[in-house]
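The values are calculated or read from the model by the stated rules, or taken from the named source; none is laboratory data. Keep in mind the model is a prediction, meaning the values are calculated, not measured. Neighbour counts run over all protein chains shown; Cβ positions are idealised from the backbone, glycine included.
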C-alpha cells in the first residue's frame, strides 16, 4: 500500500488529545479567547452549531415545546431553596457583586464600592430555579398543563481544566423545562426528550449513541432520574452528549409550582429538564474526524459542497470563463435536494491556489469538494472528491472522480445522503465492535483495561444496583481503574448473573467506560 | 357610529405608557422576572424575535458576513485601553468578582473570599474590545480583509429605570463587527448595515424609519460616526431602533488590528460595528398596536393564520367532524405561500370557548383569525377576521368575512401580503404627517411642543452643526423642552437658512423629537 501524506501533523493513534486540538485549529472551528475558560467559536464551528440548532429546534417545536427566554442572572435565594441543587452547582458559578466600575485614581478600573449589590447575582449555570419561578406564576389549573418550554442560551460553570467544546466555562446550549400533572406524564416527557436527542445524534450528527439511565451518583443535582445519550469516541472513551431529567416534585416544592386538579384540589407539578450543548461538536470531531481533519456529516455541514475554480490570476478572460462555468454548476447544485433540504453549496472564488484551498476544505471536512480547472471545463467535466473517500488506496493520491458537470450536479443529493449514511455506519460498527459483553468479574474488568488494547472501549457488566454508601464504594473502586458507570442501557438484556461488585444477584446491566 | 367595545382596558389616547404595558401583558409577550431589570420573554414575544432573527440573519449572511460566538466575559484591561469607550460604558456594567459560593454557616450563600478573581470580569455590554482582540489575531495581510463577523448574543447594561423590550438590563441582540483596509471601505460597510436595518425595519417589521447620522453627542463611545434608524411611535416619540458605527482606527489602535498592505507596509484596519436588539419589538408594539392589542406584521408573526374550531365538548362525533374539517383547511393553508415563505398556520384545538380564544388571538395580533362553527361547516364556509380590519364600523361588531373554505385557503397568501403592506402604509402615512418642516426658530420649536397637539411628533430644523461646548449648549437647551436631536436624515433637502440655535448659516437639517 502506498504511503499517504495526511493533512494533519498529528495522527489519532499517536496522540489522540493532541490530534483533537489540531483538528479544531486545522478546521478553523474555534480558538482560545484569552478569557479564562472561554473560547471563541469561529465561523466553521459556529456554522455547525447553527445547523444543529436548526435541526434540533425543529424537533423541539414539533413536540409542541415553545421557546422562551429567561434572565441570565439568578438571585442566590433561588439556589438556597433546593439543597441538592445548590450542593451540585454552588461550587463553580460566576458571581456578580457590583454594577459599576470606577477609576481607582491610577488609571485602573475597579468595582465601585458604592455600587455593591445588596444580594449578589449568579450567572446561570442552568435555569431550573429561575424557570421554576415563572412556572409557579404561569400554572394555576390542570388546564395550563403540560407546560412545555425551552430556551437557547449561554450558561457558565466555572471550570478549572477546560478543553474546547468539551468543557468550557461558558458554553451554548438549549435547556427544555416542562411541568406536568403527574409523574407518569413527566416521565413520558423525559423519555420523549431522550429519544429526540438520540434521533438528533444519530440522524443529524451521524453519531451513534447508547441511551439509558445514569446511576444515582451521576444524577443531575436535584433530579429523581437522569437519563443520557452516551457516544463512543474513536479512542474508545465515552462522551455524555445529552441528558434528560425527571425532577419529581423537588423543584416544584422549592418554587411553588402548583395546580388545581380537576377535582379542585391543589397538587404539585412534576417537572423535567433536558439539555444538549456545544459539547456535541466535540463529539462530532472525535466520532468523524480522521488524520486529514474533520469530516462533517452532510446534515450539519455549513456548506455541503464547495466548488473551487482553479483561477490563474493572469488571464482575466480565462478566469472569467472558468468562474462562469462554476457559477452555472453552483446554480445547478443549489437547486438539488439532499436529506430533505436544498443543498448548501459554496463557490469559493477568493484569491489563493486551488490546491491550498482544497486542503483547507479537506481539513474542515466539507463533504464534497469540486475542483474545476480549464481542462475540466474544456472536457465538460469536474474533479470531485468525497471527503469520506479521500484517498485512492492504490496510488496514495487524492481520490478524484471526474463526472460530467451535469452528472456531478444531478448526483450530489444522493451522494450527500450516502456520505451521511456511511459516516453513521462506520461509527456504529466501531461502537458495536468496542463494547465487550459478558465480563463477569471486577478482576476481568481490570484485566480488560490494563491489557494491550490501546482503546479498550466499553464493557457491559451486571450489578445489584447498590445505593448510598455501597454505591460510593463501587464508584471509588472504578475510579482506581479510571472508569465510570455510563448508564443502564435501554434495551439491554435482563440480568441473569451476579453483581461484579457485591456478588449478590444482579438486577440490571451497566456500561463501564473511561470518559470525557 | 356605533360604540366599539375594545379588547384592552387602556386606550392609547388615554395613557400611552400604560397602554404599552397592557399590550405586552394582553398579548402574553413578556413579563417582569423578579430579577432586577431582567424580563422573561414569553412564547409569543420570543416567537416574534425568532422571526426577526431569521429574516435579519438571512440578510446578514447574504452580505457575506459570518456568524461567530465570542466570550460573555470581558477583562477590565480591554476597557481600559479605549478611553472614550470606557467612559461610555464603565458606569453601567455587571461585574463578576468571584467564581464560587460558600455557605456562610447560617444557611445563606455568600461569595467565597477564597475564590475572588485576581482581575474582575465584566459581563459584555457590547463586544468591540473582545472581538478586537480576535481580529488582531485573525488579520495579518490585506488578503484577510474585509473581515466580516456577527454574533447573536445577550448583553447587559445596568439600567436604573427599565421598561420591557425598550430598556432592560439584559437584552438580546446581534452585533456585527467588521475590519477593512480603508476608511472608504469601512464607511461603505457602515452604510450597507444601515440600509440593511432600514430594509429589515420597513420590509419585515412594516415599521417606517428615517435613516441618518447621529450628532456628535449621541455617538457610540469610541465611534467616529454613528448612524441610526429612527422610527416614529404612535405617540409621536422617536425610537432609535438600530445603529451602525464607523469606528475609524480607534479600536484597531487599542487592540492592534493591523495588516500588511499590498506594498508590504503595516497599516491599521478601519473597523465598524452595528446592532439591533429586542428593543425593535417595543417598536413593533408602539407602531402597530391598537386599542385591541398588538397587530403583528405577517412577515414576523409566529403564526400568520390561526384556525379556531368552535368545539362544544358535548357531542364527540360532531367535534371530531369539525376538527377534521378544520384540519383539512390547515393543510390547504400550510401549502400556500406568503411573502416568499410557506404560510405559518396554527389549528388551535385546546379546550376553551372559541370567542375567548378569538379575543386572545386578537390581543396577540395574529394577522388572520378563522373561526369555524358547525353551521360554517355545513355551508362549506369559514368565518374570517383580518386583524387590521377588525371592526365593522357600521355595526360596531367584529368584521367577519365568510368565504368558502377553498376561497379562504386560496386567498390567505395575498391577504397576508396585503396586511403587511397596509400596516406599513398606515405607519408611513402617520410618520409623514407628523414631521413638521420649516420650523425656523427655537421659539417656534418651543411653541410647537408646548401647543395643544397631544402628539406633536418631530420637527425638522436647520443648524450650523456646532461641536464641543457649543453643541453641549444646544443639547442643554433642547433638554429644557425634553427634546433630543434624532439624526441628520439621509436625503433631506440641503440647508438654505439660518441655524436656529446660533443664527449662523445652517449646514444641514436635523430632526428634533421626544424619544424613548
Which numbered condition residue B:465 fails, given (1) part of a helix (DSSP H, G or I); (2) in contact (Cβ under 8 Å) with a residue 40 or more places away in the chain: (1)
Can you tell me which of A:222, A:176, A:242 is in contact with a helix residue (DSSP H, G or I) (Cβ under 8 Å, 6 or more places away or on another chain) and either surrounded by fewer than 19 Cβ atoms within 10 Å (Cβ to Cβ) or within 14 Å of chain B (Cβ to nearest Cβ) (or both)? A:176
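Kindly check whether there is at least one residue in the stretch B:289-296 that is in contact with a strand residue (DSSP E or B) (Cβ under 9 Å, 6 or more places away or on another chain) and under 30 Å from residue B:354 (Cα atoms).
Our first condition is that a residue be in contact with a strand residue (DSSP E or B) (Cβ under 9 Å, 6 or more places away or on another chain); within the stretch B:289-296, this holds for B:292.
Add one more test, that the residue is under 30 Å from residue B:354 (Cα atoms), and what stays is B:292.
Yes: the stretch B:289-296 contains one or more residues that are in contact with a strand residue (DSSP E or B) (Cβ under 9 Å, 6 or more places away or on another chain) and under 30 Å from residue B:354 (Cα atoms).
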So in the stretch A:51-70, with the set limited to residues that are within 12 Å of chain B (Cβ to nearest Cβ) and touching a helix residue (DSSP H, G or I) at 6+ places or on another chain (Cβ under 6 Å), which one is farthest from residue A:296 (Cα to Cα)? A:70
Which residues, taken from the stretch B:97-117, are part of a strand (DSSP E or B), more than 7 Å from every other protein chain (Cβ to nearest Cβ) and at pLDDT 95 or above? B:116, B:117
Please state which one of B:356, B:338, B:366 is within 29 Å of residue B:55 (Cβ to Cβ) and either out of contact with any strand residue (DSSP E or B) (no Cβ under 7 Å at 6 or more places or on another chain) or without any contact (Cβ under 8 Å) to a residue 12 or more places away in the chain (or both). B:338
Subset of the stretch B:282-316 (residues that are at pLDDT below 95 and in a helix (DSSP H, G or I)): B:316
Which one is surrounded by the most Cβ atoms within 10 Å (Cβ to Cβ) among residues in the stretch A:121-149 that are more than 10 Å from every other protein chain (Cβ to nearest Cβ) and in a strand (DSSP E or B)? A:147
Tell me the residue from A:18, A:30 that is crowded, with 22+ Cβ neighbours inside 10 Å and more than 7 Å from chain B (Cβ to nearest Cβ), please. A:30
Could you tell me which residue of the stretch B:238-266 is farthest from the chain's Cα centre (by Cα), considering only residues that are assigned to a loop (DSSP other than H, G, I, E, B) and under 20 Å from residue B:227 (Cβ atoms)? B:249
When you go through A:90, A:94 one by one, which is the residue that is farther than 28 Å from residue A:181 by Cα, at pLDDT below 95 and at the interface with chain B (Cβ under 7 Å from one of its Cβ atoms)? A:90
Since residue A:158 meets every condition but one in (1) assigned to a helix (DSSP H, G or I); (2) out of contact with any strand residue (DSSP E or B) (no Cβ under 6 Å at 6 or more places or on another chain); (3) within 13 Å of chain B (Cβ to nearest Cβ), which condition does it not meet? (1)
Residue check: is residue A:486 crowded, with 17+ Cβ neighbours inside 10 Å and within 30 Å of residue A:341 (Cα to Cα)? no
All positions within the stretch A:480-500 that are farther than 30 Å from residue A:195 by Cβ and part of a loop (DSSP other than H, G, I, E, B): A:481, A:482
For the stretch B:267-281, give me the residue count where each residue is surrounded by 24 or more Cβ atoms within 10 Å (Cβ to Cβ) and outside any strand (DSSP E or B). 4
Filter the stretch A:393-441 down to the residues that are in contact with a helix residue (DSSP H, G or I) (Cβ under 9 Å, 6 or more places away or on another chain) and in a strand (DSSP E or B), then identify the one that is nearest to residue A:488 (Cα to Cα). A:436
So residue A:36 fits all but one of (1) in contact with a strand residue (DSSP E or B) (Cβ under 7 Å, 6 or more places away or on another chain); (2) at the interface with another protein chain (Cβ under 9 Å from one of its Cβ atoms); (3) surrounded by 18 or more Cβ atoms within 10 Å (Cβ to Cβ); (4) outside any helix (DSSP H, G or I); what number is the exception? (1)
Inside the stretch A:377-399, can you point out the residues that are surrounded by 14 or more Cβ atoms within 10 Å (Cβ to Cβ) and more than 17 Å from residue A:304 (Cα to Cα)? A:377, A:381, A:391, A:398, A:399
With respect to residue A:77, is the statement that it is over 30 Å from residue B:65 (Cβ atoms), at the interface with chain B (Cβ under 7 Å from one of its Cβ atoms), in contact with a strand residue (DSSP E or B) (Cβ under 9 Å, 6 or more places away or on another chain) and modelled with pLDDT under 95 true? no
